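Undergrad: Just dropping this structure here.
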Amino acid sequence: MPEWFSSDFVLEAIVPKVSMIVIIIICAVVISRMFNHFLLNWQKRIIARLERKKVSTIASTNTKMFIIRRVAVFIIYMFALIMILLQFEAVRNIGAGLLASAGVAGIVIGMAAQNTLSDLIAGVSISFSQPVRLGDAVIFENEFGWVEEISLMHTIIKTWDNRRIIVPNSVIIKKVIQNWTMKDPSLLGIVVLYVDYMCEIEDLKKWVKDIVGKSEYATEEKISVVQVVDFTEKTMVIRVLAKGPDAPSTWNLRCEIREKLIKKFKEKDIPLPTIRIDARTQIAEKK
């Protein structure tokens, strides 16, 4: 019977190592959960103090604490892995080296997965430089969405139609990204109208003011502006500006303005842009 199959070998060599590995794993899980719970409570206390401040300040704090929790849990499990390696003679030197020197750890991990390491460093960088934060409305690669999650390796953007775009953090750092809520989540919505010359501008201003004033999608200031930005041989070009508290509300506000203005045009029997033909020109052409 082989030595490794004997009951004495199992009891003296295998059982203690397996028991120690199980204990290390349990300790890592318990410590990580306790640490995560502590940081969550700390985060809640900080947010409670900031509840009267700007939304951007709260979002910034949430993002930093989120990444700190992820980094802390990663370090705890990495330390547990090193302790498990130290239980085996064949890899004890590797485990001791990793435990003794962070430089060696960086070299070993860097050689094994350079892209992974760059994503990891970029994730930490994002948490402090904060080009994006949790909940920010962004446009990335012509896709509009909200930052749903920032992990150590990647960032998840939830699009307006409920898709998820998973972007490596190293890409987020290098690419140009539009952040619509960096300082102020409210947005100016623009509605461009091509209106017939029969429409009275003053009436149009009153209609827009009334629509925005009653809209649930507008900000408390109820900002509305109507301007004639151009006129052609066929139509007047009208630009309507209205402010919404965030990107989805601003979109809905723009749609509401269009819908209700069309209804107003029909009620007042104002024609949509039409091509006019001079009767005298027609008579001359017939002759």
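The values are calculated or read from the model by the stated rules, or taken from the named source; none is laboratory data. If you're wondering where the values come from, they're calculated on a predicted model, not measured in any experiment. Don't worry about glycine lacking a Cβ; one is built from the backbone with ideal geometry, like all the others, and counts go over all protein chains shown.
Undergrad: Take the residues in the stretch 193-208 that are crowded, with 18+ Cβ neighbours inside 10 Å and outside any helix (DSSP H, G or I); name whichever of them is farthest from the chain's Cα centre (by Cα).
TA: C199
Undergrad: Filter the stretch 120-150 down to residues that are more than 19 Å from L187 (Cβ to Cβ) and touching a Gly at 6+ places or on another chain (Cβ under 9 Å), then give me how many there are.
TA: Total meeting the criteria: 2.
Undergrad: In addition: For A137, which of the numbered conditions (1) more than 26 Å from E256 (Cα to Cα); (2) among the small types (G, A, S); (3) at pLDDT 80 or above fails to hold?
TA: (1)
Undergrad: With respect to E233, is the statement that it is in contact with a strand residue (DSSP E or B) (Cβ under 9 Å, 6 or more places away or on another chain), modelled with pLDDT under 90 and not in a helix (DSSP H, G or I) true? Let's see the steps before the verdict.
TA: Working: in contact with a strand residue (DSSP E or B) (Cβ under 9 Å, 6 or more places away or on another chain): no; modelled with pLDDT under 90: yes; not in a helix (DSSP H, G or I): yes.
No; evaluated as a whole, the condition is false for this residue.
Undergrad: In addition: Suppose we filter I211, I177, I190, I165 for residues that are over 28 Å from the mean Cα position of the chain (by Cα), at pLDDT 85 or above and β-branched (V, I, T); which single one remains?
TA: Exactly one residue qualifies, and that residue is I211.
Undergrad: Any idea which of I211, I166, I201, I172 is touching a residue at least 24 places away in the same chain (Cβ under 8 Å), assigned by TED's automatic domain parsing to the domain that holds T155 and of a type in the set (A, V, I, L, M)? Give the derivation first.
TA: Values: I211 fails: assigned by TED's automatic domain parsing to the domain that holds T155; I166 fails: touching a residue at least 24 places away in the same chain (Cβ under 8 Å); I201 fails: assigned by TED's automatic domain parsing to the domain that holds T155.
Exactly one residue qualifies, and that residue is I172.
Undergrad: Select from the stretch 257-271 the residues that are assigned to a helix (DSSP H, G or I) and out of contact with any helix residue (DSSP H, G or I) (no Cβ under 7 Å at 6 or more places or on another chain) and write down the one among them that is farthest from E202 (Cα to Cα).
TA: Residues of the stretch 257-271 that are assigned to a helix (DSSP H, G or I), as a first pass: 257-267.
Filter once more, so that each one left must be out of contact with any helix residue (DSSP H, G or I) (no Cβ under 7 Å at 6 or more places or on another chain): 258-259, 262-263, 265-267.
On the way: R258: 17, E259: 19, I262: 16, K263: 17, F265: 14, K266: 17, E267: 17 Å.
In this case the residue turns out to be E259.
Undergrad: Follow-up question, since we're still on this one. Got a sec? Which of N142, N115 is modelled with pLDDT of 85 or more and either polar (S, T, N, Q) or outside the structural domain of E220 (by TED's automatic domain parsing) (or both)? Walk me through it before giving the result.
TA: On the way: N115 fails: modelled with pLDDT of 85 or more.
Step by step, each of N142, N115 is checked, and only N142 is modelled with pLDDT of 85 or more and either polar (S, T, N, Q) or outside the structural domain of E220 (by TED's automatic domain parsing) (or both).
Undergrad: Of all residues in the stretch 212-245, which are touching a Gly at 6+ places or on another chain (Cβ under 9 Å) and of a type in the set (A, V, I, L, M, F, W, C)?
TA: If the condition is that a residue be touching a Gly at 6+ places or on another chain (Cβ under 9 Å) and of a type in the set (A, V, I, L, M, F, W, C), then A218, V240, L241, A242 are the ones that fit.
Undergrad: I'd like to check something: does the stretch 173-186 contain any residue that is under 27 Å from E148 (Cβ atoms) and assigned to a strand (DSSP E or B)? Show your work before the answer.
TA: Going through the stretch 173-186, the residues under 27 Å from E148 (Cβ atoms) turn out to be 173-186.
Okay, now just the ones that are also assigned to a strand (DSSP E or B), so 178-179.
Yes, the stretch 173-186 contains a residue that is under 27 Å from E148 (Cβ atoms) and assigned to a strand (DSSP E or B).
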